[in-house]
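As structure tokens, the structure follows; a few thoughts come after it.
The values are calculated or read from the model by the stated rules, or taken from the named source; none is laboratory data. All values derive from a computational prediction rather than experimental measurement. Virtual Cβ from ideal backbone geometry, glycine too; neighbours counted across all protein chains shown. Surface areas here come from the heavy atoms of the whole protein model, side chains and all, with no ligands, DNA or RNA. Shrake-Rupley method; radii C 1.70, N 1.55, O 1.52, S 1.80 Å.
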Amino acid sequence: RGDAEMNMPFAGAKLALFIGARLAVIRRDDTPRIPWPDYLDLPGGGREGCETPLACALRETREELGLEVPERAVSWGKRFQEGDGDKWFFAAHLPEETASRIVLGDEGQSWQLMAPQIFIAHAKAVPHFQTRLALYLSGVSGDGFGA
């Protein structure tokens, strides 16, 4: 892993979490004060304290879906520059039976598993996460983050 890369300043992280062949997706709250209200989203969020990008993504996934995703399940990560601070996008794969352990946290209206291509094409999915997921699926290499 590129530890120097992972420890550079960043604002948040997201996780494309595959449960079997499908993607864990959260429908955002329908509140006008938040970005992308009522859109389909992926687990993740803002950095807390001095946590690493991966620790951020895994903590947010635990809070939002009730799942402890082991670091070894994360196979890919890439840094993206955004105006409000760099963001990381990770991908992890867990077995299909993990779905039975998902419990929605206190953010979001609901969760579902969907084919990644449906998320990418969905009219109400957060657009930059659609693009990042498509990039991962295209086979492009990550940023110093190995399996």
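Out of the residues in segment 34-84 that are on the phi > 0 side of the Ramachandran plot and assigned to a loop (DSSP other than H, G, I, E, B), state the one that is surrounded by the most Cβ atoms within 10 Å (Cβ to Cβ). If we take residues in segment 34-84 being on the phi > 0 side of the Ramachandran plot and assigned to a loop (DSSP other than H, G, I, E, B), then TRP36 is surrounded by the most Cβ atoms within 10 Å (Cβ to Cβ).
Restricting the first member to segment 9-25 and to residues that are within 16 Å of LEU54 (Cα to Cα), and the second to residues that are hydroxyl-bearing (Ser, Thr, Tyr) and at pLDDT below 95, the beta-carbon pairs closer than 9 Å and six or more apart or on different chains are PHE10/THR52; ALA13/THR52. Listed by first and then second residue, the pairs linking a residue in segment 26-50 that is within 13 Å of GLU107 (Cα to Cα) and of a type in the set (S, T, N, Q) to a residue that is modelled with pLDDT of 95 or more and open to solvent by 30 Å² or more (accessible area, probe 1.4 Å), with Cβ atoms under 7 Å apart and 6 or more places separating them unless they lie on different chains, are THR31/PRO37. Tallying residues that are within 22 Å of VAL140 (Cα to Cα) and not polar (S, T, N, Q) within segment 59-112 yields 19. Taken together, the residues in segment 85-123 that are outside any strand (DSSP E or B) and open to solvent by 70 Å² or more (accessible area, probe 1.4 Å) amount to 12. Of all the numbered requirements in (1) out of contact with any strand residue (DSSP E or B) (no Cβ under 6 Å at 6 or more places or on another chain); (2) free of Cβ contacts under 8 Å to residues at least 24 places away in the same chain, GLY85 misses one, and that requirement is (2).
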